[in-house]
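Every number here is computed from the coordinates shown, using simple stated rules; none is lab data. Computed from a prediction, not measured in an experiment: that's the story for all the values here. Ideal geometry is used to build each Cβ from the backbone, glycine not excepted, and the neighbour counts take in all protein chains shown.
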Amino acid sequence: MNGDCPPIQGVIFDLDGTLIDSLEDIALSMNAALESMGYAPHPIDDYRYFVGEGIQHLVECAIPPEHRQPDDVERFLAYYRKVYRESWNQRTEVYPGIAAFLDRCRQAGLHIGVLSNKPHDITLDCVRHFLPDWPWSPIYGQRDEVPRKPDPTVALEIAAGWELPPQAIAFVGDTAVDMDTARHAGMRAVGVTWGFRPEQELREHQADFIASDTDQLWEAISS
């Protein structure tokens, strides 16, 4: 970033792969749903690429190609939501260093919010369960009435609610979707390498900064 950019006054975080490591719960829940329907499960690492673009995309990636007609997808999506609802917090954990990083944000007076492509109700539950001690405002997951990331609509709504220009906001995430959202919104694109996707993906989608730990993440938003 050049010296003409304003200091960061707000941070929008992706959730899965950025704040919480939820991959195993997502994968095990989906595999249980698949097996109960007589479909083959997938290796957990496959889910690194299935997630990130919303629950419908996850389902479409997971179920066999011959069962991806709209009605089949809708039925299986409803069933998967039920299965995941029963196990979303079994193995999920907050990434190391996140709590201390959020303390630094609070001490610095930064606005913090969450924008995820995870369903809105589950996003709320995850943040309130795993990260209850910080002043999140707002928390948004995927909602039917608004476009999902990488569309910048909701990110820009958050900026307006904070009364900040987009250039004064860092968008932090672990996937191409997050970097694209940041660029489309005119925000600082900050990629983290501890999540679900490789560093190369973040570079290819023009991350302004790439952090491998939360100390580097703090440098990225405070520079």
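Points to keep in mind about this one:
- Between VAL94 and ASP133, the contour length at 0.36 nm per residue exceeds the Cα-Cα span by 12.8 nm.
- For GluC sites (Glu not before Pro), the sites in the range 104-171 that DSSP calls loop and that have at most 12 other Cβ atoms within 10 Å are GLU145, GLU163.
- Listed values for the range 112-117 are Karplus-derived 3J(HN,Hα) couplings in whole Hz (6.51 cos²θ - 1.76 cosθ + 1.60, θ = phi - 60°), namely 9, x, 10, 9, 10, 8, and x replaces Gly and Pro.
- Computed from Cα atoms, the angle from the helix 70-85 axis to the main principal axis of the chain rounds to 70 degrees.
- Gap separating the Cα centres of the range 110-132 and the range 150-183, nearest whole Å: 15
- Fluctuation leader among SER36, SER22, SER212 - the chain, Gaussian network, Cα springs under 10 angstrom: SER36
- Value of relative contact order over the range 23-85, rounded to a whole percent, pairs C-alpha under 8 Å and six or more apart: 39
- Each residue of the range 29-45 was assigned a 3J(HN,Hα) from its phi angle through the Karplus curve 6.51 cos²θ - 1.76 cosθ + 1.60 (θ = phi - 60°); the sequence is 5, 5, 5, 5, 5, 4, 5, 5, 9, x, 9, 6, x, 10, x, 4, 4 Hz, with glycine and proline shown as x.
- Gaussian network model of the chain, springs between alpha carbon atoms under 10 Å - residue of GLY161, GLY52, GLY17 with greatest fluctuation: GLY161
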